[in-house]
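Just so you know, all these numbers are worked out from the coordinates, no wet-lab data involved. What you see is a predicted model; the values in this text were computed from it and never measured. Methodologically, a virtual Cβ is constructed for each residue, glycine included, from the backbone with ideal geometry; neighbour enumeration extends over all protein chains shown.
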Amino acid sequence: MPVKKVKEAFCATLDFNIAKKITVESTFIRALPGFSIVGMANQSIQESKDRIKSALLSIGFKFPSQKITISLSPSDIKKEGGHFDLVIALLIAFQKTSSTCRGFFVFGELGLDGRVKATSAIFPMLLSLARAYKDVSIVLPLEMVEKASQIKGIKIYGVSTLSEAVEFFKEKRYELPYKHAQVKEFFDEKINIDGKEYFYDTDFPLDFKDVKGHKFLKRAMCISAAGMHNILLEGSPGCGKSMSIKRLRYILPPVSIEEVLESQVYKSINQENENLSAKRAFRAPHHSSSKPSIFGGGSSRAIAGEAALAHNGILFFDELPHFSKQILESLREPLENHKVLISRVNTKIEYDTKFLFAAAQNPCPCGNLFSKVRECRCSDLEVARYKSRISDPILDRIDLYILVDEDFSKTETDDSKDMFKTVLKAFIFQKKRGQVELNANLNEQDIGRYCILDDEAQGILDIAISRYGLNQRSVSKVLKISRTIADMEEKQNIEKKHLLEALNYRKR
């Protein structure tokens with residue numbers, strides 16, 4: 001039985017946040033008319049047959065009296081998603097012509113009238129392909145071009161309909177000069193440091209000017225933001241803990257385009273499609289949340305949890321002691337190694353969790369232990385049980401501990417605009433020093449390189465280690481906080497006053 005020439009193109013399927021390259025082949029065989037797709041295609045791909053038929057008929061394609069076979073290889077990888085529609089339709093349309101889309105990655109779901117639509121899986125695949133292949137050419141829905149063009153190392157071509165895609169390859173429009181979209185279309189504010197661009201947003205919908213007084217608290221918030229240091233606020237109900245942390249997001253340091261795209265990948269996987277933004281992520285799960293919802297999970301398909309969605313941003317736990325013991329103890333690895341590993345029988349998925357961990361808690365179950373105007377109703381045993389829900393290893397991973405008092409003054413202090421200027425100054429100072437990571441994420445080698453103490457500060461640190469019994473992790477955190485405080489003043493070395501202030505933020 002003679003087989004017509006096999007045509008092929010590329011597509012991909014998503015294994016959590018990793019794109020697996022899929023070769024799509026088509027043949028027309030002399031047999032009873034039919035249309036089959038082979039290669040471990042799931043139900044979403046099998047159902048695409050009717051969409052593809054309708055779309056091809058809309059452009060005047062006449063189906064031959066032959067059997068159409070579409071092969072997706074490698075055949076041992078499970079494939080899913082409606083984004084295979086466009087490449088399959090093109091291979092069928094080109095079967096009896098000299099036109100070809102060979103060498104191109106083609107993505108897009110088809111409407112019954114031939115429109116090409118975007119799916120949530122496409123963007124994560126683009127970023128993964130850009131990392132795996134150099135100078136790859138990709139055809140995708142026109143509505144995604146503007147956002148996808150921010151990914152470096154790939155050539156993006158957009159089509160809005162199937163007929164437009166057919167003409168694109170027939171007329172070889174890909175041979176025309178390629179123009180890459182500019183990042184500035186998405187971000188208004190940017191700075192250039194040693195040839196690398198960073199972006200930020202000067203809009204403050206939640207402003208620290210609404211937090212009256214609390215000069216000490218705002219100072220700690222500036223330090224936390226400037227170095228992306230973990231922070232814990234403890235105080236009576238209504239003293240401004242949650243209010244302050246919700247405003248912390250808007251004074252965080254600028255982001256690189258790579259950080260923006262990384263954060264967008266996890267949102268796309270969870271079908272939270274948003275426009276690219278210079279605002280860092282802010283996730284605040286409720287204390288009743290399950291462990292899989294925080295750290296990710298899933299039996300057949302891994303789903304990103306709140307820890308992944310907070311990557312490069314803030315993960316906020318309000319009412320910290322009310323989170324389950326299992327969740328709190330599981331925070332140890334993400335806070336220390338900045339990664340979470342999801343292990344299943346058939347797969348192991350690892351994703352980055354480099355976030356600023358912010359938490360707030362009351363001092364006791366009734367919340368009035370430190371109150372100047374309300375009486376605490378808790379016994380010593382109840383307070384001890386409440387405090388014991390947070391283990392020492394978790395507290396040891398907190399950089400800044402702030403006891404928030406009931407400040408009833410109406411004194412105007414710094415607003416978000418002034419605080420962000422301080423954060424921006426420290427960020428520029430860090431980057432010009434040659435740091436890749438912000439201070440909170442420095443490794444031991446970088447601490448030795450950048451956290452240089454003068455003689456007086458070194459003597460104070462030696463006394464503190466002896467007096468407070470600081471372990472190695474605690475010493476590293478004190479040094480990194482001191483480095484951030486020095487950066488805010490644009491000082492090359494850590495001085496005595498910087499170290500003393502850093503020690504003042506330790507939980508005793």
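Can you tell me what share of the DSSP beta bridges in the chain is antiparallel? A percent to the nearest 5 is fine. Before the final figure, lay out each step's value.
Details: 32 of 64 bridges.
Within the chain, antiparallel bridges account for around 50 percent of the total.
Peptides 246-257, 160-171, 35-46 ordered by packing proxy, namely the average of other Cβ atoms within 10 Å per residue, highest first: 246-257, 160-171, 35-46.
Distances between every pair of Cα atoms in region 7-175, grouped in 10 Å steps from 0 to the bin holding the largest one, split as 11, 43, 37, 9, 1 percent.
Remark: spin-label model distance GLN43-ASP15 equals 2.5 nm, labels positioned 7 Å along the Cα→Cβ axis.
Pull out a ≥ b ≥ c, the square roots of the eigenvalues of the alpha-carbon gyration tensor of region 201-437, then state rounded if a/c is under 1.5, prolate if not and a/b is larger than b/c, and oblate in the remaining case. Spell out each step's value before the answer.
On the way: a/c = 2.04, a/b = 1.15, b/c = 1.76.
Oblate shape, in that a/c is at least 1.5 and b/c is the bigger or equal ratio.
The loop-placed chymotrypsin sites (Phe, Trp or Tyr not before Pro) in region 107-161, going by DSSP, that have at most 16 neighbouring Cβ atoms within 10 Å of their Cβ come out as TYR133. Zone of GLN458 (label point 7 Å along Cα→Cβ, backbone N under 14 Å): which residues in region 472-499? Once the point is set 7 Å along Cα→Cβ of GLN458, 493-496 turn out to lie under 14 Å by backbone N, inside region 472-499. Within region 1-102, the GluC sites (Glu not before Pro) that combine a DSSP coil assignment with at most 14 other C-beta atoms in a 10 angstrom radius are GLU47.
Roughly speaking, what is the stretch gain from ALA284 to SER324, that is 0.36 nm per residue apart minus the C-alpha to C-alpha distance, in nm to one decimal? Walk me through the numbers on the way to the answer.
Details: separation 40, 0.36 × 40 = 14.40 nm, distance 1.52 nm.
Gain in length upon complete extension: 12.9 nm.
Candidates GLN264, LEU461, CYS11 compared by Cα position along the dipole of the chain: farthest toward the positive end lies CYS11, with charges placed on Cβ.
Taking each pair of different alpha-carbon atoms in the chain once, compute 1/r for the pair, average those values, and report the inverse of that mean as the Kirkwood hydrodynamic radius in Å to one decimal. So the Kirkwood estimate lands at 25.8 Å.
Tell me, ASP113, ASP407 in order of fewest to most beta-carbon neighbours within 10 Å? Please report the intermediate quantities before stating the final value.
Working: ASP113 12, ASP407 18.
Fewest-to-most Cβ neighbours within 10 Å comes out as ASP113, ASP407.
For the peptides 351-362, 369-380, residues were scored by their other Cβ atoms within 10 Å and the scores averaged per peptide; the highest-first order is 351-362, 369-380. The ellipsoid equivalent to the alpha-carbon distribution of region 442-508 has semi-axes of 17, 13, 11 angstrom, derived from the gyration tensor eigenvalues as √(5λ) and listed largest first.
Amide H contacts of CYS451 (H built 1.01 Å from N, in plane; Pro and chain starts excluded): no residue 5 or more places away or on another chain comes under 5 Å.
Helix 257-269 and the long axis of the chain differ in direction by around 70°, with both axes built from C-alpha atoms.
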